[in-house]
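This report refers to the structure that appears directly beneath it.
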């Protein structure tokens with residue numbers, strides 16, 4: 001499309017400024033002798049900071065251009081698994097996104113927890129998983145790096161990184177676009193963009209996106225309250241690009257997103273499983289019965305709301321990237337950001353007198369209120385030195401996040417009656433790192449890469465678990481036996497950890513078409529703390545052991561061999577074979593060490609992960625393209641001591657199907673008018689996978705499934721407008737993203753977080 005080509009041509013940059021993305025289309029006839037006239041996308045991978053084409057990048061990475069995202073109808077992160085192998089991105093209810101890459105994930109999405117996969121927006125780390133479901137609009141591309149990224153990144157990148165890269169302003173001419181979509185579930189989407197050069201050396205780019213739909217759930221017929229919008233998001237971005245002189249340029253960007261809508265995707269466990277008393281369920285988990293029910297039945301809420309739910313939030317931030325070419329070989333890059341995120345949630349969902357929580361049902365009734373305020377700053381200063389022999393990068397990185405939350409399960413501060421909740425703050429996380437990585441040309445075809453990163457992490461929290469009958473404003477954590485018959489429990493803790501991660505790699509050009517590489521790398525995620533306080537802490541009325549309060553960092557050592565083929569016949573194939581040694585796994589379970597039922601993280605396990613990935617793109621003819629991604633994954637615990645009697649050695653890791661396959665086919669019909677009709681068909685197969693029940697050490701098994709998408713797109717002869725009809729998940733497969741039992745005796749049910757059902761609609765767009 002016209003705007004697409006403008007963007008590609010104008011964003012090409014040199015490897016010295018590789019942190020700016022470049023998408024440069026190259027005529028296939030220019031690239032190689034072939035009977036194919038289809039343009040082949042040559043994507044420059046920015047996340048490796050080397051400025052190399054995808055086929056020449058010695059790392060397991062999937063890069064999706066804005067064109068590929070549009071063709072596939074990818075509008076938010078949860079759809080990325082439709083195109084990228086060995087990645088799962090699910091909604092974990094109010095806990096935000098759950099990202100799993102090659103079986104590596106995290107289960108603590110609270111203010112004190114860290115993800116295992118690093119989610120980046122324009123290279124800026126986004127700490128809170130609840131702020132990661134951003135709208136995909138006006139993008140250059142998305143890059144998914146699989147495997148630990150412990151040198152150039154390091155901040156919670158044990159599993160890998162997902163980097164969402166926005167389009168930047170261009171200096172060539174003014175242009176703009178508008179895209180919209182309507183569909184079932186009252187889906188309404190609209191995106192508008194304008195690029196405005198204001199001089200020969202400065203340009204602005206503004207984009208706005210609106211995304212609204214109804215919930216995918218069906219309410220209980222007996223409930224008097226509506227479920228509300230499933231999503232109601234409004235996002236805006238303003239970017240400025242300035243060439244200060246021939247050697248210095250600056251990119252400044254500000255963005256804002258209103259994140260309203262319930263986002264509810266939780267139903268009763270019995271919608272999908274034959275639920276028995278947890279004490280009688282076999283070790284391999286309950287019997288799956290979801291295949292005996294319709295999509296509508298699976299998506300129907302089984303409890304009756306006693307109050308109108310209200311969910312809302314917003315996030316905004318500013319960032320600056322400065323590139324200074326000090327001389328022909330040395331470049332300095334500064335990347336800095338400040339961001340804020342807030343949550344304002346109120347919900348109540350009852351079933352048989354029990355309040356549904358993320359982990360099950362508790363026999364109480366009253367409003368849940370969550371108020372959270374988070375702010376983060378990050379600064380990175382990096383130097384790049386490039387000559388004919390080497391490419392060196394090194395710098396310093398600093399990150400800080402501070403948050404305040406108040407989570408009230410029931411009761412209101414300053415009123416008579418019981419109050420149970422968790423006021424926490426400040427919760428502070430600080431990280432300081434020094435890193436360096438160099439690639440050295442040993443000869444014409446052979447290169448050696450060495451890298452290391454030293455990271456120092458500090459975490460602290462001041463807070464409490466409030467569990468008493470009366471509470472006066474302001475919150476008072478002092479125990480008073482006359483007014484507080486059940487004492488408060490402080491949640492005060494402070495820890496510091498440091499680690500050195502490293503990378504060693506060799507890559508060899510067998511010839512112009514084949515690249516062979518091998519990598520040994522390490523990853524690290526800092527330790528942390530659970531709820532509670534240790535004996536000797538002032539006003540600590542429910543002390544726990546220090547070994548129960550704190551947990552240690554987790555580490556991964558990864559071994560990988562890869563082969564990349566870029567053949568003259570239009571076939572590109574990338575193959576990766578890998579092995580992980582995963583130690584000190586941070587795993588969460590339910591425990592009563594906090595004086596009641598709470599989620600506790602421990603270094604309970606170790607795992608070994610083996611896998612094979614094959615990605616191929618074949619330009620069969622000028623009008624036919626085939627995409628294939630195949631994976632084999634053997635991810636299992638080598639040790640997981642759940643309790644004194646249960647060890648899960650040999651069990652599969654969460655969300656780790658042994659086999660998956662993604663197959664996509666595209667055919668372009670060229671019309672006599674010069675217009676074209678593009679037909680896209682893709683299907684994703686997943687083998688069965690397990691989800692371990694928090695607190696019961698039993699697996700829920702999601703059976704194997706297939707989800708198929710189809711779209712037909714008409715592009716005008718001038719390439720300045722299009723219209724597309726689409727269906728996603730034709731089979732209407734509603735699968736489980738997370739599941740758990742109720743931890744409360746007497747309740748045999750629990751909850752399930754579900755994925756999206758079948759959706760259909762029409763997209764359209766124009767450029768000017």
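What follows is calculated from the coordinates using simple rules that are stated; it is not laboratory data. These numbers were taken from a predicted model, which means no experiment stands behind them. No Cβ is skipped: glycine too gets one built from the backbone with ideal geometry, and neighbour counts run over all protein chains shown.
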Whole-angstrom gap from region 698-768 to region 114-133, using each part's C-alpha centre | 22
Kindly rank 519-526, 176-183 from highest to lowest mean number of other beta carbons found within 10 Å of each residue.
-> 519-526, 176-183
Percent relative contact order of region 126-214, based on C-alpha pairs within less than 8 angstrom and at least six residues apart?
-> 24
If 728, 219 are placed from fewest to most neighbouring beta carbons inside 10 Å, the sequence is 219, 728
Would you mind putting 165-172, 388-395 in packing order, based on average other-beta-carbon counts within 10 Å, highest first?
-> 165-172, 388-395
Please report 143, 173 as a ranked list, fewest other C-beta atoms within 10 angstrom at the top and most at the bottom.
-> 173, 143
With a ≥ b ≥ c the root eigenvalues of the C-alpha gyration tensor of region 116-269, is it rounded (a/c under 1.5), prolate (a/b larger than b/c) or oblate?
-> oblate
With a point put 7 Å past each Cα toward its Cβ, work out how far residue 643 is from residue 186 in nm, to one decimal.
-> 4.5
